[in-house]
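K.L.:
Encoded as structure tokens, here's the structure I'll be asking about.
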Amino acid sequence: MQNNFTPTVLAIAGSDTYGGAGIQVDAKTIHALGGYAFTCITALTAQNSTGVKAVSATSKEMFKEQLESILDDINVDAVKIGMLANAEIISVLVDVIDKYKLKNIILDTVLVSSSGKPLLEPDAVNIMIKELFPRVDLITPNIPEVNTLLDTNYSGNEDEIEAMVKGLFVLGAEAVLIKGGHSQDLSLIH
């Protein structure tokens, strides 16, 4: 007997005009893994192979409309959160997570683009920690994001991993997957 179940995943992220990150990559990945991606845009970016040139956050009203239009119609099996842009979007998202009792939530703690452009307003970081960390099942920071979240200066060496994870647990994370692409310890990158 063939299983015709296709998991539904709500991807919440910024739009990358270059197609190398953000909602475009999230949707491609979800589909490649056999899921069906629904999307909600938090911000528009203007970027190319050299980096992010500009960012424009979605209004909180439009962000809420996007979320509720999907969630009033579809039961999603999981949620993948990327770039959030600002505190208003985080506040709307928190309310929606509670209202719809969303589950299986992964938060990629996107803070800054690889070219150095801020993708989350600095005043929103503490709100993300206080309000979102307790509501998500897994956070997936890279080493620079860990350093921002913990106000540390880790280089990503193997002997630092336990301290990084413990620090993130203290902030309220339920589970942590530290991405090692920025690690100085090449044995950690597989």
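K.L.:
Using only alpha-carbon positions, what ratio does the radius of gyration of segment 91-172 give when scaled by 2.2 N^0.38 Å?
P.N.:
On the way: Rg = 13.4 Å, N = 82, 2.2 N^0.38 = 11.7 Å.
So the Cα radius of gyration is 1.14 times the expected 2.2 N^0.38 Å.
K.L.:
Here is a follow-up. Using Cα-Cα distances under 8 Å and only pairs 6 or more residues apart, what relative contact order does the chain have, in percent?
P.N.:
Working: 349 pairs, mean separation 31.6, N = 190.
Contact order relative to length: 17 percent.
K.L.:
Next question, about the same structure. Please work out how much length the chain gains when fully extended from Ala32 to Lys130, using 0.36 nm per residue of separation minus the C-alpha to C-alpha distance, in nm with one decimal. All intermediate terms of the calculation are to be shown ahead of the outcome.
P.N.:
Numbers: separation 98, 0.36 × 98 = 35.28 nm, distance 3.30 nm.
Using 0.36 nm per residue and subtracting the Cα-Cα distance, I get 32.0 nm.
K.L.:
A follow-up question, please. Mind checking which lysines have their C-alpha under 19 Å from Lys101, skipping anything on the same chain fewer than 8 residues away?
P.N.:
Lys64, Lys80, Lys130
K.L.:
Say each of Met62 and Glu174 gets a label point 7 Å from the Cα, pointing the same way as Cα to Cβ; how far apart are those two points in nm?
P.N.:
3.1 nm
K.L.:
Using the heavy atoms of the protein chains alone and a 1.4 angstrom probe, what is the accessible area of the chain per residue in square angstrom? Walk me through the numbers on the way to the answer.
P.N.:
Working: 10160 Å² over 190 residues.
With all protein chains present, the chain gives 53 Å² per residue.
K.L.:
GNM on the chain, C-alpha springs below 10 Å: top fluctuator among Leu120, Leu93, Leu177?
P.N.:
Leu177
K.L.:
Roughly how large, in nm² to one decimal, is the mean projection of the convex hull of the alpha-carbon atoms in segment 18-125? List each step's numbers first, then the result.
P.N.:
On the way: hull surface 27.0 nm².
Value for segment 18-125: 6.8 nm².
K.L.:
If you roll a 1.4 Å probe over segment 1-59 with all protein chains in place, what percent of the accessible area is carbon or sulfur?
P.N.:
Values: 1850 of 3240 Å².
Answer for segment 1-59 is 57 percent, counting heavy atoms of protein chains only.
K.L.:
Right, next: Using only Cα atoms, locate the centre of segment 51-92 and the centre of segment 96-134, then give the distance between them in Å, rounded to an integer.
P.N.:
10 Å
K.L.:
May I pose another question? If you take the alpha carbon radius of gyration of the chain and divide it by 2.2 N^0.38 Å, what ratio comes out, to two decimals?
P.N.:
Numbers: Rg = 16.5 Å, N = 190, 2.2 N^0.38 = 16.2 Å.
Relative to the rule-of-thumb radius for its length, the chain sits at 1.02.
The values are calculated or read from the model by the stated rules, or taken from the named source; none is laboratory data. Note that the coordinates shown come from a computational prediction; the quantities given were computed from them, not determined experimentally. Virtual Cβ from ideal backbone geometry, glycine too; neighbours counted across all protein chains shown. Surface areas here come from the heavy atoms of the whole protein model, side chains and all, with no ligands, DNA or RNA. Shrake-Rupley method; radii C 1.70, N 1.55, O 1.52, S 1.80 Å.
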